[in-house]
1. Residue 77 - would you say it is surrounded by fewer than 16 Cβ atoms within 10 Å (Cβ to Cβ) and in contact (Cβ under 8 Å) with a residue 12 or more places away in the chain?
2. Mind counting the residues in segment 41-57 that are within 10 Å of residue 196 (Cα to Cα) and surrounded by 14 or more Cβ atoms within 10 Å (Cβ to Cβ)?
3. Does any residue of segment 108-115 turn out to be at pLDDT below 95 and not assigned by TED's automatic domain parsing to the domain that holds residue 12?
4. I need the full set of residues from segment 23-43 which are in a loop (DSSP other than H, G, I, E, B) and either free of Cβ contacts under 8 Å to residues at least 24 places away in the same chain or in contact with a strand residue (DSSP E or B) (Cβ under 6 Å, 6 or more places away or on another chain) (or both), in order please.
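The values are calculated or read from the model by the stated rules, or taken from the named source; none is laboratory data. Just so it is clear, the model here is predicted, and its values are computed rather than measured. Backbone-built Cβ (ideal geometry, glycine too); neighbour counts: all protein chains shown.
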């Protein structure tokens, strides 16, 4: 997974929207990058806009990023945005999915953290035997994925949860089981914990991706 983060320069919103739909998305698809999400950060740290692209493996992504066509495309987007950041993610493998697909009209709660170096084995046991089973019993949230950040970003690990209704995020944050396992996660296994609430940006099969 390749994630791009930025804020839109004030006054360039229309030019930005036209560039994303007319140039950025078509060209990334031609290069072999598959758009699988566009999000706006509703609660939490910025940058405020997140784009998510997918490739079959890190080698393919590296080859694409090394091309002049990709470099030129990034230079163009940087003329319309600021606080540009990127990250490369790989699945932890603990959430069993064949591949990551486009998710429309959803909300996300993402958790970001670093593992304590002396707790890696205990953390793995905690996630498999306590954390995931607890989350899977809560019927209004989907455990969408767990990601190792291998380049860029602000943390080593991202946990991703999906909701159809933003009200359910509030329900989860007040859920006693979720509060218990999150407190245990923060107190015993990780450090530098933070979280964000993300809103999906409209439909991806129309020229509206990333519009706010």
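1. Answer is no for this residue.
2. So the answer is 3.
3. no
4. Across segment 23-43, the qualifying residue is only 33.
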